[in-house]
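Sharing a structure here in structure tokens format.
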Amino acid sequence: MENFDFGTFAYQAIFYLFAILIVVSAAMVVFVRSIIYSAFSLLFTLFGISAMYVYLSADFVAVTQIVVYVGGILILLLFGVMLTNKITQERLLTDVFNLVPALLIMLAILGSLLYTVLFRAKWHTSAQRTTTVVEPIGYEVITNYVLPFEIVSILLFVALIGAAYIARSDSKVSASK
Amino acid sequence: MPEIGLNHFLVLSAILFSLGLFGIMTRRNAVVVLMGVELILNAANLNLVAFSKFNGTMSGVMFSMFGIILAASEAAVALAIVLNIYARFKTVDIGEIDTMRE
């Protein structure tokens, strides 16, 4: 690089900052023993992945990631934590097991994935890039993906009704127990 | 502006996947296991969107949208099951729920 370009430097530096944020917070999700800390680290992981979608010029996916994951799934997970633990206990800790074999399996899978991705796979990338994604998604949804779109809407409907039915407190079950 | 290469996203996704797998294998609390599943789904979505960008087509983005929808319904149903397990067993420790084990 003969002349220093601040825009390029900032572009790459912000990418690496978000990558480090994702890796550190994802590691905290699985290594920290407090459940609440895990849930809040997941918040940073999800925001960082949303920033990665911005870098991949998938703007609509980035916004959807924030709305669905941070606004929906993370709140559901926090409700799950709150409803399935006695809040009166001071620190919500979770036990761990299989620590050493899991670490070995994780490192083996990570190593083989990195080896495959970096050294073995020759990805054929195209010369053209997607630039924005909002308008193409609209076209795709009403042309190529009409049937999957309708099916997935029915699936979401069924899943939400099923979840509400399953989670309902059933007095007969607890009475017969 | 020089672009970030495809391998960066694939390496990040591989790290996320293995961390999620580690969480699933080691944690005893069912809700934290679900968090590991969410990490793995996010790694898959990141891969799909990355390939879609570097391929110039929309298939990966559409797949990732469907993946996000499926993750939402999965989380709702799984948490309903976890709440039901808690109502019945008074614990969500997956090591202690062994009624179906012979």
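The values are calculated or read from the model by the stated rules, or taken from the named source; none is laboratory data. Please read all numbers here as calculations on a predicted model, not as lab measurements. FYI the Cβ positions are ideal-geometry reconstructions off the backbone, even for glycines, and counts take in every protein chain you see.
Exactly one of (1) more than 17 Å from the chain's Cα centre (by Cα); (2) under 29 Å from residue A:36 (Cα atoms); (3) buried (at least 18 other Cβ atoms within 10 Å of the Cβ) is unmet by residue B:47. Its number?
Of the numbered conditions (1) more than 17 Å from the chain's Cα centre (by Cα); (2) under 29 Å from residue A:36 (Cα atoms); (3) buried (at least 18 other Cβ atoms within 10 Å of the Cβ), the odd one out for residue B:47 is (1).
Within segment A:1-39, which residues are more than 9 Å from chain B (Cβ to nearest Cβ), hydrophobic (A, V, I, L, M, F, W, C) and either under 20 Å from residue B:15 (Cβ atoms) or outside any helix (DSSP H, G or I) (or both)?
A:1, A:4, A:13, A:14, A:17, A:18, A:20, A:21, A:24, A:28, A:32
So in segment B:4-29, with the set limited to residues that are buried (at least 23 other Cβ atoms within 10 Å of the Cβ) and touching a strand residue (DSSP E or B) at 6+ places or on another chain (Cβ under 8 Å), which one is nearest to residue B:91 (Cα to Cα)?
B:29
Residues are listed down the side, and each one gets a yes or a no for (1) more than 9 Å from chain B (Cβ to nearest Cβ); (2) part of a helix (DSSP H, G or I); (3) more than 23 Å from the chain's Cα centre (by Cα); (4) modelled with pLDDT under 90:
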site: A:123; (1), (2), (3), (4): no, no, yes, yes
site: A:138; (1), (2), (3), (4): yes, yes, yes, no
site: A:148; (1), (2), (3), (4): no, yes, no, no
site: A:153; (1), (2), (3), (4): no, yes, no, no
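Also: Taking the options A:80, A:72, name whichever one is under 20 Å from residue B:94 (Cα atoms), part of a helix (DSSP H, G or I) and within 7 Å of chain B (Cβ to nearest Cβ).
On inspection, the qualifying residue turns out to be A:80.
Let me ask another. Please give the number of the condition residue B:59 fails out of (1) over 22 Å from residue A:95 (Cα atoms); (2) out of contact with any Ser or Thr (no Cβ under 7 Å at 6 or more places or on another chain); (3) more than 7 Å from chain A (Cβ to nearest Cβ).
That leaves (2) as the condition not met.
For segment A:48-62, enumerate the residues that are part of a helix (DSSP H, G or I), in contact (Cβ under 8 Å) with a residue 24 or more places away in the chain and not acidic (Asp, Glu).
A:48, A:49, A:51, A:52, A:55, A:60, A:61
Looking only at segment B:92-102, count how many residues are at the interface with chain A (Cβ under 8 Å from one of its Cβ atoms) and surrounded by fewer than 18 Cβ atoms within 10 Å (Cβ to Cβ).
Summing the residues that are at the interface with chain A (Cβ under 8 Å from one of its Cβ atoms) and surrounded by fewer than 18 Cβ atoms within 10 Å (Cβ to Cβ) in segment B:92-102 gives 2.
Does segment B:10-37 hold any residues that are within 22 Å of residue A:116 (Cβ to Cβ), over 11 Å from the mean Cα position of the chain (by Cα) and more than 7 Å from every other protein chain (Cβ to nearest Cβ), and which are they?
The answer is B:13, and nothing else.
Enumerate the pairs (first residue in segment B:8-30 and outside any loop (DSSP other than H, G, I, E, B); second residue anywhere and at pLDDT below 90 and polar (S, T, N, Q)) with beta-carbon separation below 6 Å, excluding pairs fewer than 6 apart on the same chain, so at least 6 apart or on different chains.
Note: pairs meeting the criteria are B:25/A:98; B:26/A:98; B:27/A:94; B:29/A:94.
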